[in-house]
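Trainee: Here's a structure for you.
The values are calculated or read from the model by the stated rules, or taken from the named source; none is laboratory data. For clarity, every value in this text was computed on a predicted model and none was experimentally measured. All Cβ positions, glycine included, derive from the backbone under ideal geometry; neighbour counts span all protein chains shown.
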Amino acid sequence: MKIVKRIFVWLRNILITLFLLNIVTVFVYKYIPVYYTPLMFIRLHEKEAEGIRHEWVPLDEISQSVVQAVVASEDNRFMTHHGFDCEQIKMAMDEARNGGRVRGASTISQQTAKNVFLWPGKNLFRKGLEAYFTLLTEWIWGKERIMEVYLNSIEMGRGVYGIEAAAQTCFGKHARSLTRSEAALIAAALPNPLRRNPSKPSPYMLRRQADILSLMRKIETVEMGFRPNR
């Protein structure tokens, strides 16, 4: 019994330590740039890219059109949900149950938690961790920081990460100078940036761009709550 008790205490202490480390890590990332993510190292190991193109820029150095485009494309309830879009989850489950295509319902908050703290995967354990880190980032970071980290960490091509590297690679300009059309094309490349190139858009991407631009016009009057561009 003493051995069992020692094992229990040992496991408890490990869990408490991991929990505290997670809190500290999320808190630290609220204030410092996220220069590297697990996915970057995984892609290098998989030899998907020979190097990494990534340059951190603050949110007020990113065109507001980019923010509108990714919200319109990826998560139009971003400013009102608390990390999870229950309506989209229910719709995705209903579609799958009725024989429709299986699609994800991940919010920008969930994608950010996955990009920064986890590895790609769809098993229940990893999804549980994703939910855990999503709640932590919503609680500690807030929407503005989540958007800033998301735009600086998303994969945008082979070896290209973040909106600044994507803007320079695809359009030869800084993220703050992206137009509405260019922002919509970048958003159209998501969630499959390894196969979709904003600088060489396919007919599907052009159709998707038009849809995103239309959605952007509907949300552009909505107060995003972020600092304006300089």
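Trainee: Residues in segment 43-65 that are modelled with pLDDT under 90, over 13 Å from ALA165 (Cβ atoms) and outside any helix (DSSP H, G or I): how many?
Mentor: The total comes to 4.
Trainee: Restricting attention to segment 1-42, which residues are in a helix (DSSP H, G or I) and touching a strand residue (DSSP E or B) at 6+ places or on another chain (Cβ under 9 Å)?
Mentor: The first filter runs over segment 1-42 and keeps only residues in a helix (DSSP H, G or I), leaving 2-29, 38-42.
The answer is LEU39, MET40.
Trainee: May I ask you to list the residues in segment 66-78 that are surrounded by fewer than 21 Cβ atoms within 10 Å (Cβ to Cβ) and either part of a helix (DSSP H, G or I) or among the hydroxyl-bearing types (Ser, Thr, Tyr) (or both)?
Mentor: Selection gives GLU74 alone.
Trainee: Next question, about the same structure. Note down all Cβ pairs under 6 Å where the first residue falls in segment 65-86 and is β-branched (Val, Ile, Thr), the second is crowded, with 23+ Cβ neighbours inside 10 Å and in a helix (DSSP H, G or I), and they're at least six residues apart or on different chains.
Mentor: Hits for this filter: VAL66/ILE163; VAL66/ALA183; VAL70/ALA187.
Trainee: If you check PRO198 against the conditions, is it at pLDDT below 90 and in a loop (DSSP other than H, G, I, E, B)?
Mentor: Details: at pLDDT below 90: no; in a loop (DSSP other than H, G, I, E, B): yes.
Criteria not met by PRO198.
Trainee: From ALA187, ALA167, which residue is in a helix (DSSP H, G or I) and touching a Ser or Thr at 6+ places or on another chain (Cβ under 7 Å)?
Mentor: After applying the criteria, what remains is ALA187.
Trainee: I would also like to ask the following. Given the condition within 21 Å of ILE212 (Cα to Cα) and either surrounded by 14 or more Cβ atoms within 10 Å (Cβ to Cβ) or at pLDDT 90 or above (or both), answer yes or no: does some residue in segment 112-130 qualify?
Mentor: Of all residues in segment 112-130, those within 21 Å of ILE212 (Cα to Cα) come to 112.
From what is left, the residues that are either surrounded by 14 or more Cβ atoms within 10 Å (Cβ to Cβ) or at pLDDT 90 or above (or both) are 112.
There is at least one residue in segment 112-130 that is within 21 Å of ILE212 (Cα to Cα) and either surrounded by 14 or more Cβ atoms within 10 Å (Cβ to Cβ) or at pLDDT 90 or above (or both).
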